[in-house]
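Novice: Here it is, the structure in full.
The values are calculated or read from the model by the stated rules, or taken from the named source; none is laboratory data. All of these numbers come straight from a predicted model, not from anything done at the bench. Note: ideal-geometry Cβ built from the backbone for every residue, glycine included; neighbour counts use all protein chains shown. Remember, those area values only see protein heavy atoms, side chains included, never the ligands or the DNA or RNA. Shrake-Rupley method; radii C 1.70, N 1.55, O 1.52, S 1.80 Å.
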Amino acid sequence: MATGEITAMAPVGLGWLVARIGERTARGIASAVSGLIRDGEMLPGARLPTVRALAAELSVSPTTIAEAWAQLRAAGLIGTGRRRGTTVLAPPPGPSAVRSFEGWRTIDLEHGLPDPALLPPLEDAVAAGVRTERLNSASKDFITPRLRAAVRPTWPFPAEAWTVATGGREGVALACQSVARPGDVIAVEEPTAPWLLEMLRRSRIHVVPVRCDEHGPQPESLAVALTHRPAAFVYQPRAHVPLGHSVPAERVAALAAVVAAGRAGPVVIEHDDLGPLASAPAVSVGTHLPDRVLLVRSYCTVFGLELRSCVLAGAAPLVERVRELRTFGMVWSSRILQDAQAFLLTDAATGVLLRRARQRYADRRAALADALADNGIRVSARDGLALWVPVPDETRTLVTLAANGVSAGPGSRCFARQAPAPHIRVAIGQLPDDPALVADLATMIATAADRRPQRSA
């Protein structure tokens with residue numbers, strides 16, 4: 001018996017269960033419990049706490065627990081009887097080949113993280129960074145001359161000013177918070193990265209959605225959003241998360257025309273999250289409206305998290321606002337790390353590795369997309385480190401996958417309001433290159449997506 005294992009017919013300890021639940025939403029509770037069942041820590045027949053008792057201990061409403069229990073019942077993981085209460089059922093059988101591979105629990109299929117094996121080595125880059133000018137100087141270098149010189153040729157429009165941040169998320173957060181105060185409105189393409197919506201919510205900034213199609217934000221939807229007088233419009237020009245599209249030049253021009261048509265048009269914040277790993281060339285509204293645009297480009301995915309690298313450039317007043325806001329935090333980033341990034345951007349050997357990594361990610365996207373198609377699920381595999389997978393029921397699919405050791409991302413979190421159709425996000429960055437394992441994952445996803453509610457025990 002595993003340590004802490006709940007035996008058949010024994011009640012599940014309230015404190016024991018609460019300690020193993022992280023996210024206190026219906027989906028989060030359902031995913032945590034399904035994982036405990038799948039891992040054998042709660043055996044068939046174990047009695048779960050009552051809805052009210054667990055709700056009180058987690059400080060959530062009984063409705064939240066009831067929704068979680070409904071999800072677990074739909075996945076066939078628990079059952080409710082009049083005398084026995086709610087009890088654990090045996091996990092539904094899945095494809096035998098999938099169950100034999102236990103490694104999915106250690107592979108990121110949710111967050112879109114890069115494969116550490118495809119990151120370039122940092123030894124030479126850090127050595128070059130240590131040779132930076134004015135090492136340990138107290139003067140503020142918002143961006144080092146080496147990094148600016150390395151990035152400038154790749155920028156899609158002439159930028160008036162430059163600065164850096166410790167990663168793309170901080171860069172976008174600084175850009176948004178520098179132009180919008182609590183209570184203000186920002187227009188955001190939809191769907192979009194879940195962390196962006198969460199950041200805006202925590203900043204008490206209201207979101208007005210702009211619908212996307214396969215070519216990016218729709219100009220007519222942006223025009224409607226601008227009637228709410230947003231302080232900014234945020235979108236991804238290439239390798240969109242989660243759809244994977246890149247915005248063509250014609251669409252960029254149409255978006256610029258909509259922004260320019262307004263009397264007091266918003267600031268345009270462009271988030272280039274994949275940077276040099278993106279397959280499409282860099283495009284920008286800044287080509288048409290350089291005084292309105294701030295482009296935030298992250299290099300964390302291509303070079304790894306240790307360099308904490310992100311460059312922001314555009315109109316000088318916008319960059320200056322970011323600099324002023326950052327004086328309350330990091331102020332400026334290490335010159336060593338900035339010049340290490342400059343080395344990687346200009347090093348020929350690193351360029352070769354980058355091209356190989358881009359191709360490997362493309363191969364992994366295509367492999368999973370083809371395997372899903374073999375199971376009757378059609379997805380687009382244009383770019384990026386995730387696939388946007390349609391499913392009949394998001395929650396049921398995610399809970400069933402969690403019961404088999406797979407943690408994918410909920411598509412609903414990519415929308416500020418209710419999602420128009422259920423999807424899940426499946427990260428491909430760390431997919432194994434074994435075609436059999438990818439095929440098994442696709443079969444598992446299809447099985448979870450097609451699962452129908454089962455009768456309670």
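Novice: Of the residues LEU89, LEU119, LEU135, LEU109, only one is open to solvent by 30 Å² or more (accessible area, probe 1.4 Å) and modelled with pLDDT of 90 or more; which? Spell out how you get there, then give the answer.
Specialist: On the way: LEU89 fails: modelled with pLDDT of 90 or more; LEU135 fails: modelled with pLDDT of 90 or more; LEU109 fails: open to solvent by 30 Å² or more (accessible area, probe 1.4 Å).
Criteria check complete, one pass: LEU119.
Novice: Hey, can you tell me all the residues within segment 404-424 that are open to solvent by less than 10 Å² (accessible area, probe 1.4 Å) and under 10 Å from ALA448 (Cβ atoms)?
Specialist: VAL406, ALA408, ILE424
Novice: Applying the selection to segment 1-19, what residues are modelled with pLDDT of 85 or more and within 16 Å of TRP69 (Cβ to Cβ)?
Specialist: Once the filter is applied, which keeps residues that are modelled with pLDDT of 85 or more and within 16 Å of TRP69 (Cβ to Cβ), segment 1-19 yields VAL12, LEU14, LEU17, VAL18.
Novice: Evaluate the following for VAL188: is it over 18 Å from VAL322 (Cβ atoms) and assigned to a strand (DSSP E or B)?
Specialist: yes
Novice: Let me ask you something else. Failed condition for SER246, given (1) small (Gly, Ala, Ser); (2) open to solvent by less than 10 Å² (accessible area, probe 1.4 Å); (3) in contact (Cβ under 8 Å) with a residue 40 or more places away in the chain, with all others met?
Specialist: Only one criterion is unmet by SER246, namely (2).
Novice: Here's another thing I want to ask about it. Can you name the residue in segment 61-86 that is buried (at least 19 other Cβ atoms within 10 Å of the Cβ) and of a type in the set (A, V, I, L, M, F, W, C) and, of all such residues, is nearest to ALA46 (Cα to Cα)?
Specialist: ILE78
Novice: Go through ARG229, ARG181, ARG211 for me and flag whichever is among the basic types (Lys, Arg) and out of contact with any strand residue (DSSP E or B) (no Cβ under 9 Å at 6 or more places or on another chain).
Specialist: ARG181
Novice: Any idea which residue in segment 156-167 is farthest from SER284 (Cα to Cα), counting only those that are modelled with pLDDT of 95 or more and not hydrophobic (A, V, I, L, M, F, W, C)?
Specialist: Looking at residues that are modelled with pLDDT of 95 or more and not hydrophobic (A, V, I, L, M, F, W, C), I get THR163.
Novice: With the condition kept exactly as written, say whether any residue in segment 218-236 is closer than 23 Å to HIS111 by Cα, open to solvent by less than 10 Å² (accessible area, probe 1.4 Å) and either of a type in the set (Gly, Ala, Ser) or more than 15 Å from the chain's Cα centre (by Cα) (or both).
Specialist: So far as segment 218-236 goes, yes, one or more of its residues are closer than 23 Å to HIS111 by Cα, open to solvent by less than 10 Å² (accessible area, probe 1.4 Å) and either of a type in the set (Gly, Ala, Ser) or more than 15 Å from the chain's Cα centre (by Cα) (or both).
Novice: Considering only segment 308-329, state which residues are hydrophobic (A, V, I, L, M, F, W, C) and open to solvent by 60 Å² or more (accessible area, probe 1.4 Å). Break it down stepwise before answering.
Specialist: Taking segment 308-329 as the starting set, the residues that turn out to be hydrophobic (A, V, I, L, M, F, W, C) are 310-313, 315-316, 318-319, 322, 325, 328.
PHE328 - this is the single residue of segment 308-329 that is hydrophobic (A, V, I, L, M, F, W, C) and open to solvent by 60 Å² or more (accessible area, probe 1.4 Å).
Novice: I need the full set of residues from segment 110-141 which are assigned to a loop (DSSP other than H, G, I, E, B) and closer than 21 Å to GLY275 by Cα, in order please.
Specialist: GLU110, HIS111, GLY112, LEU113, PRO114, ASP115, LEU119, PRO120, PRO121, LEU122
Here's the yes/no breakdown for (1) surrounded by 15 or more Cβ atoms within 10 Å (Cβ to Cβ); (2) under 23 Å from the mean Cα position of the chain (by Cα); (3) under 30 Å from ALA448 (Cβ atoms); (4) at pLDDT below 95:
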{"position": "ILE336", "(1), (2), (3), (4)": "yes, no, no, yes"}
{"position": "LEU344", "(1), (2), (3), (4)": "yes, no, no, no"}
{"position": "ALA367", "(1), (2), (3), (4)": "yes, yes, yes, no"}
{"position": "ALA371", "(1), (2), (3), (4)": "yes, yes, yes, no"}
{"position": "ARG382", "(1), (2), (3), (4)": "yes, yes, yes, yes"}
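Novice: Return the residue satisfying two criteria in turn: it lies in segment 256-302 and is of a type in the set (Ser, Thr, Tyr) and open to solvent by 10 Å² or more (accessible area, probe 1.4 Å), and of such residues it is modelled with the highest pLDDT.
Specialist: That would be THR287.
Novice: Only residues in segment 169-189 that are within 13 Å of LEU295 (Cα to Cα) and open to solvent by 10 Å² or more (accessible area, probe 1.4 Å) count as the first member; pair them with residues that are aliphatic (A, V, I, L, M) and not in a helix (DSSP H, G or I), Cβ under 7 angstrom, at least 6 apart or cross-chain, and list the lot.
Specialist: LEU174/ALA165
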